[in-house]
Ligand SMILES: Nc1ncnc2c1ncn2[C@@H]1O[C@H](COP(=O)(O)OP(=O)(O)OP(=O)(O)O)[C@@H](O)[C@H]1O
Ligand SMILES: [Mg+2]
């Protein structure tokens with residue numbers, strides 16, 4: 001994989017939440033290559049969500065972050081976001097439309113895809129996520145796990161260069177987790193997946209990063225080296 005383009009580069013990145021006296025991420029450097037699937041592991045409060053949010057430009061940072069070769073700064077934010085798919089750990093934060101299908105299709109129409117085509121592709125994505133029957137439902141009618149599946153459909157459908165996913169399997173039932181891991185394993189986008197689920201991570205990731213108190217303490221292809 002050595003010659004593949006780098007889709008995410010952190011160079012000495014620190015992140016501090018407003019009002020906090022300590023860094024949530026401290027002096028973090030890492031690189032991810034095109035198509036690479038990386039699990040971001042660590043205990044509660046270790047900094048996984050903060051790292052993902054910084055990579056999407058949702059939190060201010062020190063140091064430098066490059067997404068698909070673009071330096072992340074205020075002036076490049078829109079361009080960076082077009083290359084990213086993001087999943088919040090609370091999916092209701094990102095379901096904006098009154099109908100599920102329109103929510104997923106929005107990811108495609110904002111990229112210039114024709115409406116009919118966007119609708120068909122979104123239906124296929126919802127089907128693949130096991131929620132095809134809910135295409136005409138309203139988000140408030142869905143269970144938490146169903147909302148997660150819909151939000152994931154919106155994040156994946158336009159095949160962004162980089163997916164930043166915060167605990168995507170957390171709310172899923174066991175068959176749902178297995179199906180999602182298989183879908184991720186075959187998905188072409190690079191993925192950075194924050195998760196506590198080592199079995200899930202092993203099924204769909206080729207590399208495992210361990211955070212402790214905001215620092216990368218392990219970066220390995222052997223998940224067996226990591227205990228939580
Ligand atoms: N909005 C906030 N304001 C202040 N500090 C915050 C805020 N959000 C997170 N933090 C702090 O940042 C640190 C990292 O939190 P973060 O949410 O990134 O951890 P995490 O690894 O995602 O944890 P979890 O496994 O519980 O989701 C923690 O010390 C936390 O207290
Ligand atoms: Mg978190």
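The values are calculated or read from the model by the stated rules, or taken from the named source; none is laboratory data. The model shown is predicted, which means the values in this text are computed figures rather than measured ones. Every residue, glycine as well, gets a Cβ built from its backbone with ideal geometry; the counts of neighbours run over all protein chains shown.
Descriptive notes on the structure:
- The number of residues in region 127-154 that are surrounded by 14 or more Cβ atoms within 10 Å (Cβ to Cβ) and outside any helix (DSSP H, G or I) comes to 6.
- Checking region 79-99 against the condition returns a match, with at least one residue being touching a helix residue (DSSP H, G or I) at 6+ places or on another chain (Cβ under 7 Å) and farther than 20 Å from residue 58 by Cα.
- On the stretch given as region 23-72, residues that are over 20 Å from residue 184 (Cβ atoms) and within 8 Å of ligand 1 (Cβ to nearest atom) total 9.
- Hey, residue 165 within 29 Å of residue 69 (Cβ to Cβ), within 16 Å of ligand 1 (Cβ to nearest atom) and either in contact with a helix residue (DSSP H, G or I) (Cβ under 9 Å, 6 or more places away or on another chain) or touching a residue at least 60 places away in the same chain (Cβ under 8 Å) (or both) or not: yes
- Filter result for residue 24 (within 16 Å of ligand 2 (Cβ to nearest atom), at pLDDT 95 or above and closer than 30 Å to residue 140 by Cβ): no
- Number of residues in region 27-37 that are crowded, with 19+ Cβ neighbours inside 10 Å and under 18 Å from residue 13 (Cα atoms): the value is 2.
- Residue 169 passes every criterion in (1) touching a strand residue (DSSP E or B) at 6+ places or on another chain (Cβ under 6 Å); (2) in a loop (DSSP other than H, G, I, E, B) apart from (1).
- For region 66-87, taking the residues that are surrounded by fewer than 20 Cβ atoms within 10 Å (Cβ to Cβ) and in contact (Cβ under 8 Å) with a residue 12 or more places away in the chain, the one that is nearest to ligand 2 (Cβ to nearest atom) is identified as 81.
- Search result, residues across region 39-65 that are away from ligand 2 (no atom under 13 Å from the Cβ), assigned to a strand (DSSP E or B) and either free of Cβ contacts under 8 Å to residues at least 12 places away in the same chain or touching a helix residue (DSSP H, G or I) at 6+ places or on another chain (Cβ under 9 Å) (or both): 39, 65
- Number of positions in region 4-25 that are over 20 Å from the mean Cα position of the chain (by Cα) and crowded, with 19+ Cβ neighbours inside 10 Å: 1
- Complete set of residues in region 182-201 that are part of a helix (DSSP H, G or I) and either surrounded by 21 or more Cβ atoms within 10 Å (Cβ to Cβ) or in contact with a strand residue (DSSP E or B) (Cβ under 9 Å, 6 or more places away or on another chain) (or both): 184, 185, 198, 200, 201
- The one condition in (1) within 16 Å of ligand 2 (Cβ to nearest atom); (2) in a loop (DSSP other than H, G, I, E, B); (3) out of contact with any helix residue (DSSP H, G or I) (no Cβ under 6 Å at 6 or more places or on another chain) that residue 111 fails to fulfil: (1)
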